[in-house]
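Trainee: Quick one: the structure is below, questions incoming.
The values are calculated or read from the model by the stated rules, or taken from the named source; none is laboratory data. Just so it is clear, the model here is predicted, and its values are computed rather than measured. Cβ: placed from backbone, ideal geometry, glycine included. Neighbour counts: every protein chain shown. SASA here: full protein model, heavy atoms, side chains in, ligands and nucleic acids out. Shrake-Rupley method; radii C 1.70, N 1.55, O 1.52, S 1.80 Å.
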Amino acid sequence: MKNQTLDYYDGLIAQFIRESNFVKAKACGEDALKKMPLLSFSPEKEFGFYCNMGRIYYNLIEFSRAIDMYYKASLLASRHHFPLAKSVYVSCEIGSNLMLLKNIGPAIQNLKKAEDYFEKYGYGEFPMDKMTYIYTFVCLAYCYLHNAELPKVRDIIYDKLGAFKDDSSLGFFPLDHNHLKGEYLMAVNDYAGAKAVFKECVDFSNQKNFLTGALEARIHFAVMDMLESHVDEAIKELLAIKKESGQAKITYIYAESELLLSKCYFLKNMPDKAAAAERRIKPVLNKLDVVWLYEKSRELEQLFRRLQSVTPQKQSGLVDLPEVLKNTINTKYENSPYRDIIGTSTAMQDVFKILEKIAPTDLPVLIQGETGTGKELIASALHQNSLRKNENWLAFNCGALTESLVESELFGHTKGAFTGAVEVKKGYVELASNGTLFMDEIADMSLKIQQKLLRVLEEKQVWRIGAENPVPINTRFIFASNQNIEELVRKKMFREDLYYRINAIMINLPALRERREDITLLLKYFLVKYTLTGRPMEITQEALTTAVNYNWPGNIREMKNEIKRICALNKESVLLETPMFSPVINAYRPQEPAQTTGQTSFKELRDAFEKQVLTETLRKCNGNIVQAARTLKYNRSALYRKLRLLGIITLTN
């Protein structure tokens, strides 16, 4: 590869894509990425190159890398004012890859941009053409299916996409459409309809010699047989799927068939066969991506709960995930670069899953959570596991300085720009170039600084105070806030355009009281860390109960300081006992549920219960009513009315 032009690489990549040789296309593209500073190209050529790389990574199931490429294309489109169709197309691609990573909120946000475009302009302009229209709504439907918003899924299947079902020019669309329709029919318990649709998927895939499509549809046959208590039929189907996927080396389908077989054997009271299936699957699971493992564990848990509701005899352990799957996930966590982030709760597993997906990318990340939940630790972990780990890591607290100092420290200044500017000063944004800048308490920035930061993010260059020319930068940004930014946007206290630029990926860290199952692990971790001499103290059961019941308003930081104090004051102790805790912890008593009397009406009891549930859900969602409605699977308008009726909105605000 001697020619130092992007056109040369584009030609090779296009050839490999036509041959469906995405591995060679990836190698060629990554070689070009390394040489980008030496190559000559126009912004339009660079945009097309990033889109092609996104397509390559998508086909290789490397969705995080695909998002990274499309994000770079998005920045180019914004910086050079490309036609709206190109900008929205990139948002659509980012949304589809986020959907495949099960990052549903940001996925919908990006896909809705494409939906709005199609409603206004139709699908006549490339690249926002008919195929992109179909692709957009298929992805949106899967997002709504994940959120159990079934009426929206139905509207897309029958209204938005129904007109194209007989269009023979649309390649694999009949397969995608029927697969989506089948999953929707399963969700509404129409198994007969779902089986007919998945049969069409199998027939279509066989005609196209597409084994993966046929096997994915047949997995659903087995699941429906399990839900209808036809376990023998499910076993027969799964054994066939296991054999064919094994021969074709389609690893993830082979793994799923074995996991389902294990549960079928459990249902048939055949523990030896269930154990054998788990032994067979262990080496396969170790090869699979941890993100797939997290997602599959979530899907299987949902399936097993449905099985429990339809199984006549409520067998102990029916809901439990296969031990081999749980052990593989735990082992990957213990050996992962995130092992210093303590937690095995479901809430923290969701965080680890997002970290695995986005660490290798340059996407901006917004971390939200109460004070003391570990936002900077998460941000540091993202940097340490990124491609920038050997470059600068800088942290800047936006709430610690006045507006003028924030501007000078962030963006830098020239000599003589203002009184006291006696020399040129590089700002944090420039100093972190090629590395990562963590900006904490982003909500405390003034609107003026927000506007200047938005320009930096869009143009990838920074204007020092007093400068005549900008300085190019290559900085990855990670933002954090202990406030709900979306709520601040609604109150006009934070720029909406900046919010949408910084939350390409959002991580919501749970409060410690929302992950009480991690408290024991954290206590032991801090005892080991802060014991000055000898062995760490053991924790008495009474002390452990006290710690688990306490609400920890200061979260992990409060616990760390508490254990640090206890270790310093009790150096000779071998046991951590309840009296060692500070008075505020010992005095704390969990709130008891209100006692009722015979004079309480049913309506009063119901209202009290609803108020308790809604208030707690709003607290967990940081006051975000839209998110609360999704969590409760409740109509948003109806939820607003209910909140006003119960007087909760006033309390929350």
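Trainee: Over the chain, what is the percentage of antiparallel beta bridges among all DSSP beta bridges, to the nearest 5?
Mentor: Numbers: 4 of 25 bridges.
Close to 15 percent.
Trainee: Restricting attention to segment 373-434, which trypsin sites (Lys or Arg not before Pro) occupy a DSSP loop and are surrounded by at most 13 other Cβ atoms within 10 Å? Working shown, then result.
Mentor: Details: sites: Lys375, Arg388, Lys389, Lys415, Lys425, Lys426; in loops: Arg388, Lys389, Lys415, Lys426.
In loop regions of segment 373-434 (DSSP not H, G, I, E or B), the sparsely surrounded trypsin sites (Lys or Arg not before Pro) are Lys415.
Trainee: Could you work out the helix-only [θ] at 222 nm for the chain, with each DSSP H run of four or more residues adding -39,500 (n - 2.57) and the total divided by the number of residues, to the nearest 500 deg cm²/dmol?
Mentor: Calculated at 222 nm, the ellipticity per residue is -19000 deg cm²/dmol.
Trainee: What shape does segment 1-159 have by the C-alpha gyration tensor, where a ≥ b ≥ c are the square roots of the eigenvalues, rounded means a/c under 1.5, and otherwise prolate means a/b greater than b/c and oblate the rest?
Mentor: Note, shape of segment 1-159 comes out prolate.
Trainee: Could you order the peptides 478-484, 560-566, 267-273 from most to least packed, using the average number of other C-beta atoms within 10 Å per residue?
Mentor: 478-484, 560-566, 267-273
Trainee: Can you list the lysines whose alpha carbon is less than 24 Å from that of Lys564, not counting same-chain residues fewer than 8 positions off?
Mentor: List returned: Lys375, Lys524, Lys529.
Trainee: Work out the FRET efficiency for Val574 and Val489 from their Cβ-Cβ distance, taking R0 = 56 Å, and round it to the nearest 0.05. Working shown, then result.
Mentor: Numbers: r = 53 Å, r/R0 = 0.94.
Once rounded, the FRET efficiency stands at 0.60.
Trainee: In segment 452-552, which trypsin sites (Lys or Arg not before Pro) are in a loop and have at most 12 other Cβ atoms within 10 Å, using DSSP for the loop call?
Mentor: Passing sites in segment 452-552 are Lys491, Lys492.
Trainee: Which one is right for this structure if Rg/Rh (Cα atoms, Kirkwood Rh) is calculated from it: [x] 0.98; [y] 1.19; [z] 1.17?
Mentor: Computed from these coordinates, Rg/Rh (Cα atoms, Kirkwood Rh) corresponds to label [x].
Trainee: Would you list, by chain and number, the aspartates and glutamates whose Cα falls below 14 Å from the Cα of Lys282, excluding same-chain residues fewer than 8 positions away?
Mentor: Qualifying aspartates and glutamates at Cα under 14 Å: Glu256, Glu258, Glu323.
Trainee: Which lysines, on any chain, are close to Lys24 with Cα under 25 Å apart, when same-chain ones fewer than 8 places away are left out?
Mentor: Cα-Cα hits under 25 Å: Lys2, Lys34, Lys35, Lys45, Lys72, Lys208, Lys249, Lys287, Lys357.
Trainee: Ignoring any ligand, DNA or RNA, what whole percent of the accessible area of segment 396-446 comes from carbon and sulfur when the probe is 1.4 angstrom? Could you put the intermediate results ahead of the total?
Mentor: On the way: 1100 of 2240 Å².
Answer for segment 396-446: carbon and sulfur cover 49 percent of the accessible area.
Trainee: Can you tell me the relative contact order of the chain? Whole percent, Cα pairs under 8 Å, sequence separation 6 or more.
Mentor: Computed over the chain, the figure is 8 percent.
Trainee: Could you list, bin by bin from short to long, the percent of Cα-Cα pairs of segment 427-540 in 10 Å steps?
Mentor: Result returned by the calculation: 11, 32, 23, 17, 13, 4, 0.
Trainee: If contacts are Cα pairs under 8 angstrom and at least 6 residues apart, what is the relative contact order of segment 227-269 in percent?
Mentor: After rounding, I find 44 percent.
Trainee: Next up: Could you rank the peptides 538-550, 248-260 by their average count of other C-beta atoms within 10 Å per residue, with the highest value first?
Mentor: Ranking the peptides 538-550, 248-260 by packing returns 248-260, 538-550.
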